[in-house]
1. Could we say that Tyr144 is surrounded by fewer than 17 Cβ atoms within 10 Å (Cβ to Cβ) and either in a loop (DSSP other than H, G, I, E, B) or without any contact (Cβ under 8 Å) to a residue 12 or more places away in the chain (or both) here?
2. Give me a count of the residues in region 300-339 that are surrounded by fewer than 16 Cβ atoms within 10 Å (Cβ to Cβ) and in contact with a helix residue (DSSP H, G or I) (Cβ under 7 Å, 6 or more places away or on another chain).
3. For region 108-155, what are the residues that are closer than 26 Å to Phe186 by Cβ, modelled with pLDDT of 95 or more and of a type in the set (D, E, K, R)?
4. Please list, ordered by first then second residue, the pairs with beta carbon atoms under 8 Å, 6 or more apart or interchain, first in region 276-300 and of a type in the set (D, E, K, R), second part of a helix (DSSP H, G or I).
5. Kindly list the number of the only condition in (1) under 24 Å from Lys142 (Cα atoms); (2) at pLDDT 95 or above that fails for Gln92.
6. Only strands (runs of 3 or more DSSP E) wholly contained in region 11-62 count here; list those with 2 or more residues that are buried (at least 20 other Cβ atoms within 10 Å of the Cβ) and in contact with a strand residue (DSSP E or B) (Cβ under 9 Å, 6 or more places away or on another chain).
7. Within region 245-265, which residues are assigned to a helix (DSSP H, G or I) and among the hydrophobic types (A, V, I, L, M, F, W, C)?
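The values are calculated or read from the model by the stated rules, or taken from the named source; none is laboratory data. The structure presented is a predicted model; accordingly, all values stated were derived computationally and were not measured. So basically every Cβ, Gly included, is an ideal-geometry build from the backbone, and we count neighbours across all protein chains shown.
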Amino acid sequence: MDPLLVLENLHNVKPVFQPIVSAVKHTIIGYEVRGRFKHNDEWRSLGEFFQNPDVPDDFKIEVDTHLLKLAMKEMLDNGNGCKLFLYRDAKQLLLTGGEEFITTLQEFEAKGFSLKRIVLEITEHAFEEDFESLNHLLMYYKTYGIQIAVDHVGAKSSNIDRIRQLKPDILKIDTTVIRTNRPDVFQDIVYSLSLLARRIGAKLSYEHIEDDYQLQFAWKHGGHYYQGYYLAKPSFNLLSNDSLQVNVGESIQGFINMEKTVISKCLAFSNSCEDILKKIAFRWAGPDQADEFLQLLGDSFNRESFRMYICNANGEQISSNYQKRDDTWNIESEHYGSHWAFRPFFLENIIRMKKWSRGILSDTYSDIETGDIVRTFSYPLSDDSFLFIDISSDFLFDNDYLLRR
């Protein structure tokens with residue numbers, strides 16, 4: 001695409017609007033602006049123009065400003081009060097000191113367009129530029145009520161500290177990563193990003209959603225906003241809620257029903273483990289007989305478990321490991337006296353078991369020894385003795401509802 005052809009024919013440059021849907025209201029809350037250029041009676045994306053490093057920055061700034069003015073005018077003319085998501089290259093913002101961008105916004109603020117409706121998107125790789133100058137500029141924009149979104153977040157883990165410093169309002173996650181990575185790897189990335197979002201008070205937005213599975217993934221993993229061709233393609237018009245290709249409310253209700261079913265099955269599994277242990281727990285005779293007690297459990301949990309052990313309330317192991325290898329249970333005494341209180345949630349779960357006198361089923365995690373995905377069912381034998389039954393990955397995969405939480 002010839003850059004001069006675009007610049008000399010700005011009358012053929014128009015914005016398109018892709019809806020962004022709220023997980024809270026299941027309605028459109030904003031539109032991301034993209035550019036189109038009419039050439040030979042065909043509307044073409046301006047992505048090639050903006051991504052070409054050989055196109056001068058001042059050319060890109062001029063086209064961006066033209067698109068911004070048309071987009072804001074369109075929203076004002078239609079009385080549309082939604083948010084406007086605008087991508088800007090950090091280098092180009094810094095090139096002009098950010099003044100051209102804010103001047104254009106203020107021009108429309110005077111016409112009634114609140115700057116609190118503006119969401120400025122910056123890609124994470126922009127932090128490789130002069131971050132201090134960029135941070136100061138974005139803080140300056142925030143004083144006008146402009147929200148900041150970091151796009152393609154998670155692309156570089158080395159930028160986590162800078163994201164924390166910037167404290168953006170929105171973290172945008174590209175769901176195409178689901179198609180190019182193992183699901184468990186992407187879930188680990190998203191889990192880390194969701195923790196970061198909670199710490200800095202940011203909302204998660206999932207973009208490039210192309211099917212129902214990705215929409216469900218976004219819903220299940222804390223997505224506040226959804227965007228993608230599955231919901232609506234970019235349009236020259238400001239699409240209404242009725243124009244969405246999917247009834248988001250109905251889809252989410254389906255996800256809720258599925259999740260409730262999984263939760264119910266997991267609770268039923270926990271209850272069945274607890275019922276078995278209640279019938280055996282009376283035979284607990286204290287730490288001196290811990291290994292003998294474990295040997296009473298092998299037959300009852302032969303299908304479910306591959307390892308069992310007992311700890312005191314401080315996390316010190318007071319039994320051997322009762323380990324199943326080659327379908328045979330064995331006492332492995334070298335683990336006696338190990339300390340496990342450093343593990344996440346260990347002490348919290350101990351206190352919960354003491355308080356409620358109930359067993360607890362853990363989330364899925366990777367076992368340190370085997371590397372397999374496992375879960376652990378823990379149960380209070382007394383106020384100071386707690387049984388831990390590690391559920392094998394084979395059993396989890398045979399009962400895959402246990403893998404979905």
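1. Details: surrounded by fewer than 17 Cβ atoms within 10 Å (Cβ to Cβ): yes; either in a loop (DSSP other than H, G, I, E, B) or without any contact (Cβ under 8 Å) to a residue 12 or more places away in the chain (or both): yes.
So Tyr144 fits the description; yes.
2. 3
3. Selection gives Glu121 alone.
4. Arg283/Phe293; Asp291/Ser333
5. Going through the list (1) under 24 Å from Lys142 (Cα atoms); (2) at pLDDT 95 or above, Gln92 breaks only (2).
6. On the way: elements: 13-22, 28-39, 42-45.
Strands (runs of 3 or more DSSP E) meeting the threshold: 13-22, 28-39.
7. Of all residues in region 245-265, those assigned to a helix (DSSP H, G or I) come to 248-265.
The answer is Val248, Ile252, Phe255, Ile256, Met258, Val262, Ile263.
Matching residues to (1) modelled with pLDDT of 95 or more; (2) under 21 Å from Arg404 (Cα atoms); (3) among the hydrophobic types (A, V, I, L, M, F, W, C):
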| position | (1), (2), (3) |
| --- | --- |
| Leu195 | no, yes, yes |
| Ser205 | yes, no, no |
| Tyr230 | yes, no, no |
| Leu238 | yes, no, yes |
| Asn257 | yes, yes, no |
